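Coordinate-derived values only; no laboratory data. Predicted model only: the values in this text are computed from it and were never measured. With ideal geometry, Cβ positions are generated from the backbone for all residues, glycine too; neighbour counts draw on all protein chains shown.
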Amino acid sequence: MFDEGSPIFQQLADRIADDVLAGAYAEEQQVASTNEFAAFYRINPATAGKAVNLLVDRGVLYKRRGIGMFVAPGARDLLVEQRRARFAEQYVRPLVREAAALGIDAAALTRMIEQEDQS
Amino acid sequence: MSTAVEVTGVHRTYGSTTALAGVSTTVREGSICGLLGRNGAGKTTLLSLVAGQERPSSGTVRTLGHDPVESVEVLSRTSFVRDSQRWPDDFRIAHVLSVAPAFHAGWDAGLARDLVADLRVPTRTPIKKMSRGQASSVAIVLGLASRAPLTIFDEPYLGLDATARQIFYDRLLADYAEHPRTVLLSTHLVDESESLLEQVVVLDEGRVVLDADVDTARASAWTAAGAAGAVDRVVGSRRVLARHALGGLASVTVDGAPDEAVRREARAAGVELGSVSLQQLVAALGAGAPTVDAGAPATADEGALS
């Protein structure tokens, strides 16, 4: 379920954020409880709690006392903004590096992206 | 947050054999703590001391706030099902389930019945005649259904197949979530149990070589893989915990956390940085069975949890 790349709580936080981004959780919708996440992903509840707290700190989730965790209003826009900021580093840079290693120049790369975009 | 277990400067010798040589650790109440290490590292000795079944040669053990030896407070609130648990010759699972509530105030008969069914514990076979895996299942039923404030599992999975182990992990997490308690679990199956654990204590030859929460432990080392010369340049004079080479390629496990300078250098040199799994870290500390074939580079995605 999880790989070794980063701490499990980080990966779970990313996964929940992915679900918010994809619209699987609407804004103001309640998300699963820490214990439900723990049982579903087979992880320690404290780890699941860390993931949820990380998303609360980032303004993606918020807590309603005695009820549970909810997707914050504006969470989707916030995530889009955060991910756009990381897009060049995460996707473009490795792409350009691999292209350079294969002798694909910027013009050829641009053509490939345009073709992909149209298909 | 209070402490469930506090071990301070504990030595334990058996004749001329030293099982524990100055062990200190604390386990937070309500956490799941994994005790890792090779055979003979001292895991079972440490668990026996915590459960009050043995005394340390020197040092102190405090369990649930008491000296555990012959302590009613500790024994009544602890479940420690030993690997070598003995039962009367004709005891079957029904007998075990009927006496267990007398020892554990929190005993849940419904949970015990469910576990017996899920783990397919044979009801007609005397426990003495059970297979290794079936006996392990009995121990798991006892440990989980006791709901003891301190529950100790000493390699609870011996002889269990992968499905039964998964049932154990699932039921442990589910029941722990509803009824939080302190769980001590000794295991060799690091990859399998990593995600269950909050804290990890690694023993090697009677000493603690790592004691941290799992995320901190995994962030305490990193790997660099690529062309051997480039890898060695990037790593520089940092402390190398393990090194594997394959032809001109090398993969090293390095102590500490990679700083920005290392990341930049690695990018420029085409060296791939990765984080370590708990298993890799334990092995690199010399406390695990070697998991990497000689010459095979350990890459960042090797042995990923699936």
Item to check | segment B:220-284, relative contact order [Cα under 8 Å, separation at least 6], % | outcome: 44
Checklist entry - Where both partners of a DSSP beta bridge lie in chain B, what percent of those bridges are antiparallel, to the nearest 5? => result 70
Checklist entry - If you take every DSSP beta bridge whose two residues both sit in the protein assembly as shown, what share of them, in percent to the nearest 5, is antiparallel? => result 70
Next on the checklist: Which log10 I(q)/I(0) values does the protein assembly as shown give at q = 0.08, 0.13, 0.14 Å⁻¹ under the Debye formula, counting every alpha carbon as one identical point scatterer?
Outcome noted: -0.55, -1.22, -1.33
Next on the checklist: Pairs of alpha-carbon atoms within less than 8 angstrom and 6+ residues apart define the contacts here; what relative contact order does segment A:29-117 have, in percent?
Outcome noted: 19
Checklist entry - Mind ordering B:249-260, A:18-29, A:47-58, A:77-88 by average Cβ neighbours within 10 Å, highest first? => result A:47-58, B:249-260, A:18-29, A:77-88
Item to check | Between 0 and 90°, nearest 10: helix B:260-269 axis offset from chain B longest Cα axis | outcome: 60
Checklist outcome for this item: In units of 2.2 N^0.38 Å, the Cα radius of gyration of segment B:26-137 is 1.21
Next on the checklist: Over the Cα atoms, compute the radius of gyration (one decimal) and Dmax (the largest Cα-Cα distance, rounded to a whole number) for segment B:220-284, in Å.
Outcome noted: 10.7, 30
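Starting with the fewest neighbours, write out B:LYS128, B:LYS43 ranked by other beta-carbon atoms found within 10 Å of each beta-carbon. Can you show the working numbers first?
Numbers: B:LYS128 13, B:LYS43 24.
Listing B:LYS128, B:LYS43 from fewest to most nearby Cβ atoms yields B:LYS128, B:LYS43.
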Checklist outcome for this item: Counting other chain Cβ atoms within 10 Å of each Cβ in A:42-52 and taking the mean gives 6
Checklist entry - Using the Cα gyration tensor of chain B, with a ≥ b ≥ c the square roots of its eigenvalues, what is the shape: rounded (a/c below 1.5), prolate (a/b larger than b/c) or oblate (neither)? => result prolate
Checklist outcome for this item: Summed over the other residues with a beta carbon less than 13 angstrom from that of B:PRO126, with K and R at +1 and D and E at -1, the charge totals +3
Item to check | Distance between segment B:26-94 and segment A:71-105 - C-alpha centres, whole angstrom | outcome: 51
Checklist entry - At each listed q (0.16, 0.31 Å⁻¹), what is the log10 of I(q)/I(0) that the Debye formula gives for segment A:76-118 modelled as equal alpha-carbon point scatterers? => result -0.53, -0.99
Checklist outcome for this item: For segment A:8-73 the mean separation of alpha carbon contacts under 8 Å (6+ apart) over residue count, i.e. relative contact order in percent, is 38
